[in-house]
Amino acid sequence: MKETLPTEQPIERVILVAAPPKELSPAEGREHLEELARLTDTAGAEVVATLQQRLDAPHPKFYIGEGKAAELRAQVEAVGATLVIFDDELSPAQGKNLEEALRTRVMDRAELILDIFATRARSSEAQMQVELAQLQYLLPRLKRMWTHLTRGGGIGFRGPGETQLETDRRIIGRRIAELRRKLETVAQRRATQRKGRAAEFRVALVGYTNAGKSSIMRGLSGADVFIEDRLFATLAPATRAVALEAGARVRLTDTGGFIRKLPHHLVASFRATLEEVVQADLLLHVVDGAHPGWPEQAQVADEVLADLGVAGRPQLLAFNKVDRLTHGEEAALEERVAVHFERPAVFCSTVEPGGLDAMRAALLGQLRAQRPELRVSIPVHDGEALAAVYREGEVLARIELDSRIELRARLPIAAIGRLRARAGVSIEGPEPLGS
């Protein structure tokens, strides 16, 4: 009888290595290592051991000290590890030296995150973005990666970028250029589509991965969106309309979560997708209020937003998961937020009845402040002004009189100033039309 060969990839046995700087507290160091373990679990591997060393500066040859590298080698043999993952990015030389010393595969946090994105990319655009980031990351590491290909796949070799590893630098360079052209075309198409939605008030959900953005999207919109208690559960942006009250609605976009030490190539590749954030009228920055490391997570998200050039965009902080706090802990959180943040903040829960009421009220307040409801009276011959109201605002009602057109509309502050400068156009508060 013919023997059947196994088709499933064996589960990687992983040792995690963290070398935090000495200024990082032991608690912060443990939290970073725990997050790396969650990333490894998301990638489908099993953590069998960990190793830590506090450093003044990374070792140029092994990142960790030579003595620790020898200890790690013994640990690899003792537990039968097939992969070692470092919490910080390794240089190509450090990766090569470590693999020779440990005699097993080595990867870093950036490569692990790229692999997770590869397995979760569903749309053709997301697949192209991940492939571009993978190729840019792997290009200076080709010599070491070709060695891996002779051993079979595994974490770090999945997704749309894997076939390109068999090619030389010149062909990979051409592929990178081709992907950039295709993604630019997609970005231009999305920009054209956005022009048709310019009148809508756009809110982008941003924040650290697994803070609960998708749960908030479902709670506010009632739409069926994918939710999973894992890092990077959401990759491609999803947009839903959210009605706040009669005649008042916003367009809410859920984006992929941020994470500390996010690979630079990944941020650059996903910049087109993140333009939903760049173009938003309001950033709804979701923070896991029950997480002990929420201040650092909020700071990481702020740093990514600054990299995108939207740090000055209107922002509403949403401290989620307060149902997991005691009454005293929630009061302490609110006091701490009031002291350390100048931005407006709400405290919410997606599991308690009425847990999102404060957020709805805050979003309505932001809508009214940025898009006040006004009565606009325009001479019938001023088609340019009428077109501007429809293009830049949201028309709620319209009455045509003999010589004028009266509209009730929500308008951005900038548009109000431009319209008021036009001869014959009057803008007043939201009195009934025709009064």
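Since every read-out is calculated from the coordinates, none of them should be taken as a lab result. Just so it is clear, the model here is predicted, and its values are computed rather than measured. Note that we place each Cβ from the backbone using ideal geometry, even for glycine, and neighbour counts take in every protein chain shown.
Assorted remarks:
- Point-charge dipole on Cβ atoms (K/R +1, D/E -1) for the range 316-379, about Cα centre, debye to 20: 400
- Label sites at D41 and E178, each approximated as a point 7 angstrom past Cα along Cα to Cβ, lie 4.0 nm apart.
- Cα centroid separation - the range 106-145 against the range 360-435, whole Å: 48
- Longest to shortest principal axis, alpha-carbon extents of the range 265-414, angstrom: 64, 41, 26
- Isotropically averaged projected area of the range 371-428, using the convex hull of Cα atoms (one quarter of hull area), nm²: 3.3
- Counted by neighbouring Cβ atoms within 10 Å, the residues R54, R404 run from fewest to most as R54, R404.
- Extension gain, E28 to I413: 0.36 nm times the residue separation minus the Cα-Cα distance gives 134.3 nm.
- The range 13-115, Rg to Rh (Cα coordinates; Rh as Kirkwood inverse mean 1/r): 0.92
- Cβ-Cβ distance of I399 and A369, R₀ of 22 Å, FRET efficiency by 1/(1 + (r/R0)^6): the value works out to about 0.25.
- For the pair A243 and T192, the difference between a 0.36 nm per residue extended length and the Cα-Cα distance amounts to 15.9 nm.
- Cα gyration tensor, the range 73-125 - rounded (a/c under 1.5), prolate or oblate: prolate
- Sorting 347-353, 31-37 by average packing, meaning the other beta carbons within 10 Å per residue, from highest down gives 31-37, 347-353.
- Sorting R109, R249 from the fewest to the most surrounding beta carbons within 10 angstrom yields R249, R109.
- In this simple spin-label model, placing a label point 7 Å from the Cα along the Cα-to-Cβ direction at both K61 and T119 gives a separation of 3.4 nm.
- Remark: V310, V84 ranked as V310, V84, counting other beta-carbon atoms within 10 Å and listing the fewest first.
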